[in-house]
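The structure appears below as structure tokens.
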Amino acid sequence: MNADLHCHSTASDGLLAPRDVVARAAANGVELLSLTDHDDTSGLDEARAEASAHGVRFVDGVEVSVTWRGATVHIVGLRIDPRAAPLREGLEAIRQGRATRARKIADGLAAAGISGSLEGAQRYAENPELLSRAHFARFLVEAGRAPDVKSVFQRFLVKDRPGHVPHQWASLQDAVGWIRGSGGVAVVAHPGRYKYERPEMRAFFSEFRDCGGAGIEVVTGSHTPEQYHEYAKSAREFGFLASRGSDYHGKGESRVDLGKLPPLPEDLKPVWHDW
Ligand code: AMP
Ligand code: MN
Ligand code: MN
Ligand code: MN
């Protein structure tokens, strides 16, 4: 089964419209797809309709921003119901926090001599409710401050650099609760990206499982092949379902294209096993 259960559209910080993400996935041979925009579900109707036209199985998804022990983690919700009120209201609150953070990011950049970044970032954001650091990064490339988005994140918008703003996202318990309450399955996105020490990572997995989390991404565009093995082990140890997703954002901003990752290790139970 060629499943890709993590990707982004212009409803958050992807470069392609929802329908174009789906068409690209279909052309790449994806058989089961989820669109998982950051903190927003407004692309799902368009994506679902396009998937149906291409004969691709589609599940509604979202990637929720969470703060756990002072650091940001992402929890993907799959097979959610985007109409469920607690999920909708929770995501709405996160988006409002993003708007406040965006003004602070712009203030920080202005203090470093870079003016007009809020308006600049907004020009790259098709969804005015969803401002991501990726939109600021695209503006900074345009303004000649870095050659590409990846280098922006070495010079700006991260700890101890201009435009960094500490931010409090949702709690782990709330995020998992909203996802499960809407009928969805909660999955830890790209665990290899988090900077926790090993014991803390284990504490995180335990707490995630205790509050109803069911799976982790094992094969993702954010992991090295060594990390596929490492997190396959975590899935076995904690009894997690395994997920696979490219985290595609668009040409030039993603290492892996839609549907182009290797398969999950065979002994793991895929998150879609009973769908
Ligand atoms: P935010 O959720 O607004 O803090 O923005 C995070 C987004 O910025 C991620 O989802 C990526 O799209 C992008 N991003 C973060 N770090 C990097 C990086 N090192 N290279 C490229 N994009 C990045
Ligand atoms: Mn992103
Ligand atoms: Mn993420
Ligand atoms: Mn993502």
**OP:** Take every Cα-Cα pair in the stretch 198-247 and report what % of them are more than 12 Å apart.
**Re:** 62
**OP:** Any chance you could check the Cα centroid distance between the stretch 250-275 and the stretch 70-97 for me, in angstrom?
**Re:** 22
**OP:** Quick one: give the max-minus-min coordinate of the C-alpha atoms of the chain along each principal axis, largest first, in Å.
**Re:** 53, 45, 38
**OP:** Treating only the Cβ atoms of Lys and Arg (+1) and Asp and Glu (-1) as charged, compute the dipole magnitude of the chain about its Cα centre; round to the nearest 20 debye.
**Re:** 640
**OP:** Work out how much length HIS54 to ARG69 would gain on full extension: take 0.36 nm times their residue separation and subtract the Cα-Cα distance, in nm to one decimal.
**Re:** 1.2 nm
**OP:** Please report the relative contact order for the chain, taking Cα pairs under 8 Å with a sequence separation of at least 6, and give it as a percent rounded to a whole number.
**Re:** 21
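If I stretch the segment between LYS150 and ASP274 completely, what's the gain in nm (0.36 nm per residue apart, minus their alpha carbon distance), one decimal?
Result: 40.9 nm gained on full extension.
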**OP:** With N set to the residue count of the stretch 145-229, report its C-alpha Rg divided by 2.2 N^0.38 Å to two decimal places.
**Re:** 1.32
**OP:** Could you work out how far helix 85-111 tilts from the main Cα principal axis of the chain, as a 0 to 90 degree angle to the nearest 10?
**Re:** 30
**OP:** Round to a whole angstrom and tell me the spacing of the C-alpha centers of the stretch 12-33 and the stretch 137-212.
**Re:** 23
Original post:
How are the C-alpha pair distances of the stretch 187-273 spread across 10 Å bins, as whole percents from the shortest bin up?
Top reply: 18, 52, 26, 4
Original post:
How much mean residue ellipticity at 222 nm does the chain get from its helices, if each DSSP H run of length 4 or more adds -39500 (n - 2.57) and you divide by all residues, to the nearest 500 deg cm²/dmol?
Top reply: -12500 deg cm²/dmol
Original post:
How much accessible area does THR72 have with a 1.4 Å probe, in Å² rounded to the nearest 10?
Top reply: 60
Original post:
Using the Cα atoms of the stretch 119-275 to build a convex hull, what is its mean projected area in square nanometres?
Top reply: 10.9
Subject >> Karplus-derived 3J(HN,Hα), 6.51/-1.76/1.60, for each residue of the stretch 239-247, Hz, glycine and proline x >> reply: x, 7, 5, 10, 10, 9, x, 6, 6
**OP:** Roll a 1.4 angstrom probe over the protein heavy atoms and tell me the percent of accessible area of the stretch 145-275 that is carbon or sulfur.
**Re:** 48
Original post:
What fraction, in whole percent, of alpha-carbon pairs in the stretch 84-205 exceed 27 Å separation?
Top reply: 30
**OP:** For the chain, build the charge dipole from Cβ charges (+1 Lys, Arg; -1 Asp, Glu) around the Cα centre, then report which of GLY61, THR224, PRO270 sits farthest towards its positive end.
**Re:** THR224
**OP:** Note down the accessible area of MET1, probe 1.4 Å, to the nearest 10 Å².
**Re:** 110
Subject >> Accessible-area value, THR100, 1.4 Å probe, nucleic acids and ligands omitted, Å² >> reply: 60
Subject >> the chain - accessible surface per residue (Å², probe 1.4 Å) >> reply: 44
Original post:
Based on the mean of other beta carbon atoms within 10 Å per residue, what is the order of 102-114, 3-15, most packed first?
Top reply: 3-15, 102-114
Original post:
Gain in length, ARG123 to ARG83, computed as 0.36 nm per residue apart minus the alpha-carbon separation, to one decimal in nm?
Top reply: 11.6 nm
Original post:
Relative to the first principal axis of the alpha-carbon coordinates of the chain, what is the inclination of helix 172-181, with its axis defined by its Cα atoms, in degrees from 0 to 90 and to the nearest 10?
Top reply: 50
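The values are calculated or read from the model by the stated rules, or taken from the named source; none is laboratory data. The structure displayed is predicted, hence computed values, not measured ones. Cβ coordinates were reconstructed from backbone atoms using ideal geometry, including for glycine residues, and neighbour counts include every protein chain displayed. The accessibility values were calculated without ligands, DNA or RNA, using every heavy atom of the protein model including side chains. Shrake-Rupley method; radii C 1.70, N 1.55, O 1.52, S 1.80 Å.
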